[in-house]
Amino acid sequence: RFAPPDLIGIGDTRALPRRTRSFRRFLVFFTKHPRMGTSPSSGVKKEKMQKKKSKSKHSGTICVRHPLAMKFDYGHNKSGLYVSGVYGSGSELQQDDVVVNVNGKSLANLGADKLLDAYESELKAAKMRGDKYLELQIVKPSSSSSSKKTAAAATGTATVDRKQSNNKNDLLPLPPKKIKMVLWDMDNTLLSVHTRGVWFNAIETLVPQVTPSFVHLVPRLLDSGYAVGVVTFSDAEVAAMYTQIEGKQGRGGPDLVYPVIRGAFARAERQSGMDAKAAEKRADALVEKIYAVGALPDFRNQHIAEFREKNIPSNKHWHIERVKDMHQKKYPKAPRIRNEEIMFFDDSAGNIKAAEKSGVNSRWVNPKTAFTKDDWLQALESLEKD
């Protein structure tokens, strides 16, 4: 979860470090605007977002204003744009919502490619106009379905697809020799839940959420000489600022990725019969070989000097290039890995589309199941066709 509005009011920030003041303004942007009210510390009574019944043909549709700077993952749905995760709070837009209209443009009944093109076109136009918000018409899911993953993550209850929990993972083949690197997104991909970018609960609650197919494949890939990495919008810089403001430990980026997957590897080794000490040692050795890059583009572009002039794009292109840089630095005599030598898995259709355009072998992962053996087998099948 992210900080609630009453902890991120403007207040007197002069005594805070410069970057903390900047970050506080960033947080207030998500919680302070005419239709969502102001933070309590401003002395103005907080108002709730007004939900309007839409005139759209979709029953149960409501209208919301979503901050343009608040990143969310999305995919294709037969009714519109499916929201698989939101990086922040302060918006009515939530995981599992379906966006059927953006800024007056309908997204309903469009094919996957046309849907993504339509949304990204409106997003680009809004940024060029200098808009602060997107006017969205959304359909909310049933309360039971929307809360299932959140409850599972908080309690540590596994929610991975049953298809992943069988012994068929033992039969998963390795990629062809032309592939040198395999990359995964974190939220709703290698994890069966979405962390919203910063995790305040115990790491142990996320360990069971790492998908069995990921846990099975990664050690085999590393042992066979493939490079492996995680590229995520979860950001350690954002987590550090929330930690400073809330006064409790939050994790993001590599600081979250590494302990979670380490715990998953150690857990799997213990379950296979390895003693605890040896399992921990094996997990450490695996994690040392994995690259992890985490950055939330909108935050870094606004609040970190080096990215203000040369922005990080709102996809995984920058992240993938950083992983390639890390691999090149580790193996300076080896040729730099090319995009066509990479396999990439992500639950956000926008990230997949951008990666495909750059030549990366990309596979969209259904956020409702996260990464499964079927995703892997279908990705390998696609490689054979190319």
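The values are calculated or read from the model by the stated rules, or taken from the named source; none is laboratory data. Quantities reported herein were computed from a predicted structural model and do not represent experimental measurements. Virtual Cβ from ideal backbone geometry, glycine too; neighbours counted across all protein chains shown. For the accessible areas, the whole protein counts, side chains as well, though only heavy atoms, and no ligand, DNA or RNA atoms are used. Shrake-Rupley method; radii C 1.70, N 1.55, O 1.52, S 1.80 Å.
Listed values, structure above:
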quantity	calculated
Which listed residue, of VAL228, VAL257, is within 16 Å of the chain's Cα centre (by Cα), β-branched (Val, Ile, Thr) and closer than 24 Å to PHE344 by Cα	VAL257
Those residues of the range 178-193 which are surrounded by fewer than 22 Cβ atoms within 10 Å (Cβ to Cβ) and more than 12 Å from LEU221 (Cα to Cα), in sequence order	LYS178
Matching residues, the range 194-207, being open to solvent by less than 20 Å² (accessible area, probe 1.4 Å) and free of Cβ contacts under 8 Å to residues at least 60 places away in the same chain	TRP199, LEU206
Residue within the range 101-124 that is under 24 Å from HIS194 (Cβ atoms), open to solvent by 10 Å² or more (accessible area, probe 1.4 Å), among the β-branched types (Val, Ile, Thr) and modelled with pLDDT of 85 or more present	no
Residue count for the range 353-378, restricted to those that are in a helix (DSSP H, G or I) and either touching a residue at least 40 places away in the same chain (Cβ under 8 Å) or open to solvent by less than 10 Å² (accessible area, probe 1.4 Å) (or both)	8
Qualifying positions in the range 220-233 - buried (at least 19 other Cβ atoms within 10 Å of the Cβ) and either basic (Lys, Arg) or touching a Leu at 6+ places or on another chain (Cβ under 6 Å) (or both)	VAL228, GLY229, VAL231, PHE233
Residue pairs meeting the criteria (Cβ under 7 Å; at least 6 apart or on separate chains; first modelled with pLDDT of 90 or more, in the range 306-321; second among the charged types (D, E, K, R) and open to solvent by less than 40 Å² (accessible area, probe 1.4 Å))	PHE307/ARG300; ILE312/ARG300; SER314/LYS71; LYS316/ASP346
Residues within the range 296-340 that are assigned to a loop (DSSP other than H, G, I, E, B), loosely packed, with under 13 Cβ neighbours inside 10 Å and over 16 Å from the mean Cα position of the chain (by Cα), tallied	8
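Residue by residue, here is whether (1) out of contact with any helix residue (DSSP H, G or I) (no Cβ under 9 Å at 6 or more places or on another chain); (2) of a type in the set (A, V, I, L, M) holds:
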{"position": "ILE203", "(1), (2)": "no, yes"}
{"position": "PHE214", "(1), (2)": "no, no"}
{"position": "ARG220", "(1), (2)": "yes, no"}
{"position": "GLY225", "(1), (2)": "yes, no"}
{"position": "ALA264", "(1), (2)": "no, yes"}
{"position": "GLU269", "(1), (2)": "no, no"}
{"position": "SER272", "(1), (2)": "no, no"}
{"position": "GLU288", "(1), (2)": "yes, no"}
{"position": "ALA295", "(1), (2)": "no, yes"}
